[in-house]
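Engineer: Supplied in structure tokens, the structure appears directly below.
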Amino acid sequence: MPWDADGFWNELSWPDLDLVCEDAEAMLAADLPANPCPGALALRYKSALHGGQPSRIFAYAALQQDPAAAPTLIFVHGGGGMARSLFGSRRSPYLRAAYNVFSLDLPGKGEQRDISRSTGPDMNDANLFQHDDPRDGYLYHAVQAVRRTIDAADALGCDTSRVFIEGWSWGGVVVLLTASVEPRVGRVAAVFGAGHLHDGGTSGTLRSMPPVQAEKWRQTFDPFHQTYHDHQQFYLVTGSNDHYFALSDNVATLQALGADRAHIAVSPGGDHQLEQPYADAMHLWAGQFAAGQPSDWATLLDVTVQGDQVVAALRGRAARVQWVIQSPDDPPDTPWYERRWQVADGSIAAGRINIDRAALADRLWYASVQSCSGLIASTAPRYGLAGELS
């Protein structure tokens, strides 16, 4: 069962939801004038107590004609984002996949969030890394706001037995944490955000904290240290050169989640910008969940050396395989976000792929496999030819 020391994530006394709905046309005209959504709703509802008063959360919602027959999708933005950020640019594929779509303003304001319509603690480093009283921490309130969004969806008659949550950057951390304490969540897509905050730009504050306080924060708020419900599935979508959440931290999170229920897709050279094939793969995965279809992942299995070739076996039906190999000109201590990569297509024959042995020897590399439907799964990076794929 998910970790919840002393019922930490359970509010001693939840405030009434006090859900208020109104037509969102006027707000969307101001927020997204070029991207209207006829029939969308503007929602306000209460969340966790902050300073003795419940926070009030704002969200946009676009519902299917029969909400009870449609699964629920919740967007969770990152630092500097708001409800409009993902509702404007990302909602269409999910509406086509027959989701009820919600996008909330996380609590409070913060950098580039002065016009957030939600109340509560502000999104800043001091609150994100609060450790003296974790229930004052921003991540505590962000997780509770997502959980209350599921409550709001339920109150509107949506199917909340099938919940897909998608978070970007710090929102990726939030959705991973939410899944650990919220059994209604079935699928989680974390875009750039991850746990195991050791190598990326987000880890600087932790490194500057006294070790005891940093460890307290990690045990409470780092997704790497949480446990999850058996039915949940995860997709980490990131770039090899992300400044904020390093690829090494994403891979550690993937391995903690387990290969039986988590996959990762790594865009070569990507740095906090989602390229279209990876967005399409995530939408496809969400669509398969909405339709009750199995996901047709294609992945690499064992790697062997056969003469001057490296040969890898495939599980599943693959349409394309890419070898992504670090430039030999990079110094050994090159940070993740400055590494240069060379991409080579692998030839597929009889369920196997191969590449010249010299291309991988003593080099950092990973491989990405695209299934016939379009799902993308990458291996963890590894050096040279020794060891097993993870």
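Engineer: Choose one answer from D136, D199, D333: the residue with the largest mean-square fluctuation in a GNM of the chain with alpha-carbon springs under 10 Å.
Structural biologist: Looking only at D136, D199, D333, the biggest GNM fluctuation is shown by D333.
Engineer: Just report the Cα centroid separation between segment 7-63 and segment 162-200, whole Å.
Structural biologist: The distance from the Cα centre of segment 7-63 to that of segment 162-200 comes to 20 Å.
Engineer: Along the charge dipole of the chain, which of Q255, F102, G346 sits closest to the positive end, that is, farthest toward it, with unit charges on the beta carbon of Lys, Arg, Asp and Glu (+1, +1, -1, -1)?
Structural biologist: With unit charges placed on the Cβ atoms, the residue in question is G346.
Engineer: Taking amide H atoms as placed 1.01 Å from N in the peptide plane, list the residues 5 or more away in sequence, or in a different chain, whose amide H sits under 5 Å from that of I264.
Structural biologist: The list, which skips near neighbours in sequence, is L236, S378.
Engineer: Residues with amide H under 5 Å of G120's amide H, sequence separation 5 or more or different chain, H placed in the peptide plane at 1.01 Å from N; which?
Structural biologist: Those lying under 5 Å, H to H, from G120 are R56, G108.
Engineer: Under a 5 Å amide H to amide H cut-off, with H placed in plane at 1.01 Å, what residues pair with Q342 once short-range neighbours are removed?
Structural biologist: HN-HN under 5 Å from Q342: I325, Q326, S327.
Engineer: Also: Using the Cα centre of segment 299-383 as the reference point, and only Cβ charges (+1 on K/R, -1 on D/E), how large is the resulting charge dipole? Debye, rounded to the nearest 20.
Structural biologist: 420
Engineer: Follow-up question, since we're still on this one. Which shape class applies to segment 263-327: rounded if a/c is under 1.5, otherwise prolate when a/b exceeds b/c and oblate if not, where a ≥ b ≥ c are the square roots of the Cα gyration tensor eigenvalues?
Structural biologist: Since a/c reaches 1.5 but b/c is at least a/b, the shape of segment 263-327 is classed as oblate.
Engineer: Please name whichever of P183, Y45, V237 sits farthest to the positive end of the charge dipole of segment 7-290, dipole taken about the Cα centre and charges placed at Cβ: Lys and Arg +1, Asp and Glu -1.
Structural biologist: P183
Engineer: Taking the Cα centre of the chain as the origin, how large is its charge dipole in debye, to the nearest 20, when only Lys and Arg (+1) and Asp and Glu (-1) carry charge on their Cβ atoms?
Structural biologist: So the dipole magnitude of the chain works out to roughly 620 debye.
Engineer: If you don't mind, another one. Read phi for every residue in segment 36-45 and hand back ³J(HN,Hα) as whole Hz from Karplus 6.51 cos²θ - 1.76 cosθ + 1.60, θ = phi - 60°, with x for Gly and Pro.
Structural biologist: The phi angles translate into x, 9, x, x, 5, 10, 10, 10, 9, 7 Hz.
Engineer: Please give me the summed charge of the neighbours of P38: other residues whose Cβ is under 12 Å from its Cβ, Lys and Arg +1, Asp and Glu -1.
Structural biologist: -2
Engineer: Next up: For segment 74-170, give the magnitude of the charge dipole about the Cα centre (Cβ charges: +1 Lys/Arg, -1 Asp/Glu; no others), in debye to the nearest 20.
Structural biologist: Charge dipole, segment 74-170, about its Cα centre: 520 debye, nearest 20.
Engineer: Let me make sure I get this right: for segment 64-134, a, b and c are the square roots of the gyration tensor eigenvalues over alpha carbons, sorted descending. Under 1.5 in a/c it's rounded, otherwise prolate if a/b > b/c, else oblate. Which is it?
Structural biologist: Note, shape of segment 64-134 comes out prolate.
Engineer: Can you work out ³J(HN,Hα) from phi for every residue in segment 124-134, in order, using Karplus 6.51 cos²θ - 1.76 cosθ + 1.60 and θ = phi - 60°, giving whole Hz and x for Gly and Pro?
Structural biologist: Per residue, the Karplus-derived 3J(HN,Hα) values read 8, 4, 4, 7, 4, 10, 4, 10, 5, 10, x Hz.
Engineer: Mind listing which trypsin sites (Lys or Arg not before Pro) in segment 53-120 are in a DSSP loop and have 13 or fewer other Cβ atoms within 10 Å?
Structural biologist: Of the trypsin sites (Lys or Arg not before Pro), not one in the loops of segment 53-120 has a Cβ with at most 13 other Cβ atoms within 10 Å.
Engineer: Mind running the shape call on segment 290-353? Use the C-alpha gyration tensor, a ≥ b ≥ c as the square roots of the eigenvalues: rounded below 1.5 for a/c, prolate if a/b tops b/c, oblate otherwise.
Structural biologist: Oblate, because a/c is 1.5 or more while a/b does not exceed b/c.
Engineer: Taking every DSSP beta bridge that has both residues in segment 7-290, what percent is antiparallel when rounded to the nearest 5?
Structural biologist: 35
Engineer: Enter the angle in degrees (range 0 to 90, nearest 10) between the Cα long axis of helix 211-221 and the first principal axis of the Cα atoms of the chain, meaning the one along which they spread out most.
Structural biologist: That works out to roughly 80 degrees.
Engineer: Springs between alpha-carbon atoms under 10 Å, Gaussian network over the chain: tell me which of M82, M123, M27 tops the mean-square fluctuations.
Structural biologist: Evaluated over the chain, the most mobile residue of the options is M27.
Engineer: Most mobile of T238, T334, T220 per a Gaussian network model of the chain (Cα springs, under 10 Å)?
Structural biologist: Highest fluctuation of the listed residues: T334.
Engineer: Please give the net charge around E111, taking every other residue with its beta carbon less than 15 angstrom from that of E111, where Lys and Arg add +1 and Asp and Glu add -1.
Structural biologist: -2
Engineer: Looking only at GluC sites (Glu not before Pro) in DSSP loops with at most 14 other Cβ atoms within 10 Å, what is the longest site-free stretch of the chain?
Structural biologist: With GluC sites (Glu not before Pro) excluded where exposed in loops, the chain gives 112-274 as its longest stretch.
Engineer: A further question on this structure: Taking the 0 to 90 degree range and rounding to the nearest ten, how far is the long axis of helix 83-96 tilted relative to the main principal axis of the chain, both from C-alpha atoms?
Structural biologist: 70
Engineer: Now for a separate question. So what's the angle, to the nearest 10 degrees on a 0 to 90 scale, between helix 170-181 and the longest Cα principal axis of the chain?
Structural biologist: 80
Quick note: the coordinates plus some simple rules give every number you see, no bench work behind them. Nothing here was measured: the structure is a model prediction, and the numbers come from that model. Glycine also receives a Cβ, built like all others from the backbone with ideal geometry; neighbour counts cover every protein chain displayed.
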